[in-house]
Each structure stands twice: as C-alpha cells, then as structure tokens.
1. When all protein chains stay in place, what accessible area (Å², nearest 10, 1.4 Å probe) is found for L11?
2. I'd like the orientation of helix 78-88 relative to the chain: the angle between its Cα long axis and the longest Cα principal axis, in ° from 0 to 90, rounded to 10.
3. Once R0 is set to 35 Å, what does the formula 1/(1 + (r/R0)^6) return for the Cβ-Cβ distance between R31 and R10, expressed as a FRET efficiency to the nearest 0.05?
4. How much net charge surrounds Y52 when only the other residues with a Cβ under 13 Å from the Cβ of Y52 are counted, with Lys and Arg +1 and Asp and Glu -1?
5. Relative to the longest principal Cα axis of the chain, at what angle does helix 63-76 sit, 0 to 90 degrees, rounded to 10?
6. Count the lysine pairs in the chain whose Cα atoms lie under 23 Å apart, taking only pairs 8 or more positions apart in sequence or on different chains.
7. Return the long-range amide H neighbours of Q96 (sequence gap of 5 or more, or a different chain), with a cut-off of under 5 Å between placed amide H atoms.
8. With a 1.4 Å probe and every protein chain left in place, tell me how much accessible area R31 has, in Å² to the nearest 10.
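The values are calculated or read from the model by the stated rules, or taken from the named source; none is laboratory data. A quick note: this is a predicted structure, and the numbers were derived from the prediction, not measured. Note that each Cβ is placed from the backbone with ideal geometry, even for glycine, and that neighbours are counted across all protein chains shown. Accessible surface is based on the protein model in full, side chains and every heavy atom, while ligands, DNA and RNA are left aside. Shrake-Rupley method; radii C 1.70, N 1.55, O 1.52, S 1.80 Å.
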Amino acid sequence: MPKEYSRTSRLGDQMQRDLAQMIQFQLKDPRLGMVTLNYVKVAKDLGYADIYFTVMGARGESDESIRRQTEKILNDAAGFLRTELAKFMRTRVIPQLRFHYDETI
C-alpha cells in the first residue's frame, strides 16, 4: 500500500512555508511586489524544486512585465534562498530552486 503523503510532498510543504517567510522578510529588492507561493514540486531525487508563484500589485506597468520581472528577481535570488533554506532544513541535499509564474489562476 503506497504512502498517502510522500516524503517529497512533506519536503515541498516545508520549503513553501520557509521560502514564503524568507521572501517576505529577507529579500530587500524594492521591485519585488507581493509574492504568493502556490505550490512547490520537488523531484524524487531532490535534484530540483519547481516553485510556482503569483504576484499582486500593478504599479502602472503591464501585468506581464511585472510577472517577468518578479520571476527574474526570484531566479536570481535562488542561490541565496537555497543557502538560507539549508540552515532550516535537516536534509543532506537541498534542491536547486526554479521559480515559475503560476498560469493556472
């Protein structure tokens, strides 16, 4: 009988909680708007994690440019976020972080 809640799902949920706090309190980029992390999908081998986000608040710019700019900021800060995430998590391997805008909403 397979497990109902796999290790990668638990790891993804923990990463989502920790990354949301880090983005809110530790990233000091004024171009970064209000980011909501919707889902974290962790690969089975823990090689990478796909993080899906949405962003609120258009400041006179088109929504598409805000999405692209936010995705670039988050992907540029992925190394820093991964390093900070390693301080909180007790796993041997911390996945590479890849941020994607969530198109489903």
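1. Using a 1.4 Å probe on the heavy atoms, I get roughly 20 Å².
2. 40 degrees
3. Efficiency, rounded to the nearest 0.05: 0.60.
4. With Lys, Arg at +1 and Asp, Glu at -1, the neighbours total -1.
5. 50 degrees
6. Numbers: K3/K41; K3/K44; K28/K72; K28/K87; K41/K72; K41/K87; K44/K87.
For the chain, the number of qualifying lysine pairs is 7.
7. Y48, A49
8. Probe radius 1.4 Å; accessible area of R31 about 120 Å².
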